[in-house]
Amino acid sequence: MASTTSSTLVLLIPLLLVACAAAGNFNQDFQITWGDGRAKILNNNLLTLSLDKTSGSGFQSKNEYLFGNIDMQLKLVPGNSAGTVTAYYLSSKGTTWDEIDFEFLGNLSGDPYILHTNVFSQGKGNREQQFYLWFDPTADFHTYSIIWNPQRIVFSVDGTPIREFKNLESIGVPFPKKQPMRIYSSLWNADDWATRGGLVKTDWSKAPFTASYRNFNANNACVWNGGKSSCNSNSASSTAWLSQELDSSGQQKLRWVQKNYMVYNYCNDKNRFPQGLPLECTHSS
């Protein structure tokens, strides 16, 4: 009986460690990296970033991940947020880094935020797609998700897919799959470009600007530590997302968003790419 119990514990310990590392505890999962007190963990499940004329603020995950199904709930800067950018993204380090971006570009009161997305692989980006949202992202928390597996990256908002970036290495398009990434977020001033191309500047009389975060969930993510992935210890059922793709309902929702809410797609910008559109654009879904 004792040996059976010991074996069970040995099997459970890796799973428990992964679960604890991904339970949504901001003190446990993240560290504030800059802002001189402007970033605050108010309890284990609520974090705020603030921006004033002196400085913005930011945080990063303690863990690195190599693939994941990751959720974060955000409530964006309300009112006149013109000139501000709230960035929430995954990134590796180095000159040939990989990166998966959500960036929220502020706007004048009453005008919609722009959700800016991008994918970098081996240091190359220029894959921007931008969207309006079908709700007010400042009135309440909404869930922003990234599914990143070896076949695709899917950006979702409240469970609705807005963008899919497929692995097209077979035609020579690099795909992020070898470099572990940390989660980063920051609130900063970018009034030289963020709102109407920099025409609208930040109104510092409205400062401090504050964005809020809660309910981080990386239960379905592969923590990378010491050259090993936690997913090697997980059951097949808990790693099903590693081969997940959009079903017919997901594809329909994706088309709905891209038809009604997409405001920029690099794959349609022939003036930007006079030598020809990027390879992946000719194979996009």
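Quick notes on this structure:
- Residue-count net charge about Q122 - beta-carbon cut-off 15 Å; Lys, Arg +1, Asp, Glu -1: +1
- Average accessible area per residue (Å²) across the chain - probe 1.4 Å, nucleic acids and ligands excluded: 48
- Those lysines that a straight Cα-Cα span of less than 21 Å connects to K177, excepting residues fewer than 8 apart in one chain: K62, K93, K124, K166, K228
- Among T117, T239, T84, the residue with the largest mean-square fluctuation in a Gaussian network model of the chain, with springs joining Cα atoms closer than 10 Å, is T239.
- Candidate values (i) 52, 45, 37; (ii) 93, 49, 32; (iii) 71, 47, 37, label of the one derived for Cα extents along the principal axes in Å: (iii)
- Only helices enter this figure: runs of n ≥ 4 DSSP H residues, each worth -39500 (n - 2.57), summed and divided by the residues of the chain, yield -4000 deg cm²/dmol at 222 nm to the nearest 500.
- When each of the peptides 136-142, 265-271, 119-125 is scored by how many other beta carbons lie within 10 Å of its residues on average, the order from highest to lowest is 119-125, 136-142, 265-271.
- The three principal axes of the Cα atoms in the range 29-69 give end-to-end lengths of 36, 20, 14 Å, sorted in falling order.
- Computed in the context of the full set of protein chains, the accessible area of the chain at 1.4 Å probe radius has 50% of its extent on carbon or sulfur.
- Solvent-free Debye scattering, log10 I(q)/I(0), computed from the Cα coordinates of the range 185-229 at q = 0.27, 0.29 Å⁻¹: -1.06, -1.12
- For the residues S186, S81, S243, a GNM of the chain with alpha-carbon springs under 10 Å puts the largest fluctuation on S243.
- Tensor-based shape of the range 155-285 (alpha-carbon gyration tensor, a/c under 1.5 rounded, otherwise prolate or oblate): oblate
- Karplus-based coupling profile of the range 209-219, in residue order and whole Hz: 8, 9, 10, 10, 9, 7, 6, 4, 9, 10, 4, with θ = phi - 60° in 6.51 cos²θ - 1.76 cosθ + 1.60 and x standing for Gly or Pro.
- Under a 5 Å amide H cut-off, with hydrogens placed 1.01 Å from N, N220 pairs with N69 among residues at least 5 apart or on other chains.
- Selected from N25, N126, N63 as most flexible by GNM, with the chain as the system and alpha-carbon contacts under 10 Å: N126
The values are calculated or read from the model by the stated rules, or taken from the named source; none is laboratory data. Only a predicted model underlies this, so the values are computations on that prediction, with no experimental measurement involved. Neighbour counts are summed over all protein chains in view; Cβ atoms, including those assigned to glycine, are modelled from backbone coordinates with ideal geometry. The accessibility values were calculated without ligands, DNA or RNA, using every heavy atom of the protein model including side chains. Shrake-Rupley method; radii C 1.70, N 1.55, O 1.52, S 1.80 Å.
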